[in-house]
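Q: The structure under discussion is supplied below as C-alpha cells; questions concerning it will follow.
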C-alpha cells in the first residue's frame, strides 16, 4: 500500500542542493550561500542533511561556508551530482511509504514548463531514490512537489492554475480526472481539494506551497490578503472559500486558519512571491521565511500556536526570495521508516 507521509511526520533526512546558479539571484547571489548555511545549521541539529554538489571543488566551497557559519556536523553529507538549479522540492522525488519499505515517486521534470535548461535537474529524482535506497516508481508525467501538499491520510491540496491552465502547461491533454488518478496510484490519495489561483510573482504559475498547507490531519493554514486593492485579495479569498467548504478523505470538515502575507515586496520593479506559507516542517522545528515586515511576528506566533512542540525559526528571506523560492521550495523530506509500521 502506497502512502505519502505528511511533512510533520518523522524525517530520516532533508535533501537540499548547494546554490550555484548566479542567474537565479542576479545581483544578490553573494548572500545566498550564507542563507543556506543558516538553514542547514538548524536542520543539522535535528536530522541528517543530504547536500547535492556539482563536484569536489563545490563541496570544498560549501564546507568552507558551512564551517564559518558553525553548520558543519556529522549530520551533513555531500553527494556529487550536477544540477541546473537548487529547487529540490520540484526536481527531486517524492518519498512515500511503499508497504514497509521506502518508496520514491520519480515524476518527470521540465522546469515548470518555462525554462530550457533542466536536463541536469531531470536526473535528480532518480539519483535521490538510489542514494536513499528507495524503491523507485516512475510516474511518467510532469509534476513538481511544490504543486501539492498532503495530510498523510489521503487528502491532497493543489491548484487549478498550476495543473489545469494552458499557461506553463505541464501535461497537455491531462485533465482533473487524470491527475486525481495519478495521485491515487502513486501517492495513495483518496481526496483532492482543488484551489484556484496562486499568488502574484510566483513564476511556477500557482504552486500550492505558497498558498495553503496542511499543519495537521484536518487543519490547513491558508494565506489571505485583506487589502482589496492588492491583486492577491480576490484569488486568496476564493481559495479560503473553497477550503471552508471542503472536507477530508473521510468527509470531515477542515479547520482553516488564516495566515497573513507580508506587505508587497518588489525588486527591480518585479513583484516577488513573498509568503509565510513557504515554511518547512522538520524534526522538532519549523523554518519560516521572514521579510523584516510587521507581519513577521504575527506569522511566527500563529505557527508557534499550531506547532507547540516544535521550535519556530525565522529565516530572513528578503534576498533569497529574489530567486522566486524559499524554505519549502529548496527542501525535500525523506521520511523515516517506523519499526513495525
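Q: Where both partners of a DSSP beta bridge lie in region 2-335, what percent of those bridges are antiparallel, to the nearest 5?
A: Antiparallel: roughly 40 percent of the beta bridges in region 2-335.
Q: Follow-up. Taking Cα atoms of region 23-149, Rg/Rh with Kirkwood Rh, to two decimals?
A: 0.98
Q: What are the extents of the Cα atoms of the chain along their three principal axes, in Å, largest first?
A: Each principal axis gives a Cα extent; for the chain these are 51, 46, 42 Å.
Q: Over the Cα atoms of region 244-290, what is the Rg over Rh ratio if Rh follows Kirkwood?
A: Numbers: Rg = 15.5 Å, Rh = 13.7 Å.
Using only Cα positions, Rg/Rh for region 244-290 is 1.13.
Q: So, one more: Cβ neighbours within 10 Å, averaged per peptide: list 163-172, 126-135 in order, most packed at the top.
A: Details: 163-172: 15.2, 126-135: 17.3.
Peptide ranking by packing, descending: 126-135, 163-172.
Q: Please give the contour-minus-distance gain from residue 200 to residue 258: 0.36 nm per residue of separation, less the Cα-Cα distance, rounded to one decimal in nm.
A: Numbers: separation 58, 0.36 × 58 = 20.88 nm, distance 1.80 nm.
Fully extending the segment from residue 200 to residue 258 adds 19.1 nm.
Q: Sticking with this one: Residue separation times 0.36 nm, minus the C-alpha to C-alpha distance between residue 268 and residue 10: what's the value?
A: 88.9 nm
Q: Ranked from highest to lowest mean number of other Cβ atoms within 10 Å per residue, what is the order of the peptides 294-301, 209-216, 184-191? Can you show the working numbers first?
A: Values: 294-301: 15.4, 209-216: 25.4, 184-191: 19.1.
Packing order, densest peptide first, comes out as 209-216, 184-191, 294-301.
Q: A follow-up question, please. Please rank 144, 38, fewest neighbouring Cβ atoms within 10 Å first, as an exposure proxy. Write out the running numbers ahead of the final one.
A: Numbers: 144 25, 38 17.
In order of increasing Cβ crowding within 10 Å: 38, 144.
Q: Separate question: Which value in nm describes the separation of the simple spin-label points at residue 138 and residue 190, placed 7 Å from the Cα toward the beta carbon?
A: It is 3.2 nm.
Q: Distance between Cα centroids, region 289-328 to region 149-199: provide it in whole Å.
A: 26
Q: State the percent of C-alpha pairs, over all pairs in region 74-163, separated by a distance greater than 23 angstrom. Display every interim value, and only then the final one.
A: Values: 1004 of 4005 pairs.
Looking at region 74-163, the distances longer than 23 Å represent 25 percent of pairs.
Q: Which value in Å is the Kirkwood Rh of region 143-284 over different Cα pairs?
A: Details: mean 1/r = 0.0645 Å⁻¹.
The Cα-based Kirkwood calculation yields 15.5 Å.
Q: Please work out how much length the chain gains when fully extended from residue 46 to residue 295, using 0.36 nm per residue of separation minus the C-alpha to C-alpha distance, in nm with one decimal.
A: Values: separation 249, 0.36 × 249 = 89.64 nm, distance 2.72 nm.
This chain segment gains 86.9 nm when fully extended.
Q: Right, next: Calculated FRET efficiency, residue 336 and residue 117, Cβ-Cβ r, R0 30 Å, to nearest 0.05? Could you put the intermediate results ahead of the total?
A: Values: r = 34 Å, r/R0 = 1.14.
The calculated FRET efficiency here is 0.30.
Q: Can you give me the relative contact order of the chain as a percent, contacts being Cα pairs under 8 Å and 6 or more apart? List each step's numbers first, then the result.
A: Values: 740 pairs, mean separation 70.7, N = 341.
It rounds to 21 percent for the chain.
No value in this document is a laboratory result; all are computed from the given coordinates. In this text, all values refer to a predicted model and were calculated from it rather than measured experimentally. For neighbour counting, all protein chains shown are included, and Cβ atoms are generated from backbone atoms with ideal geometry for every residue, glycine included.
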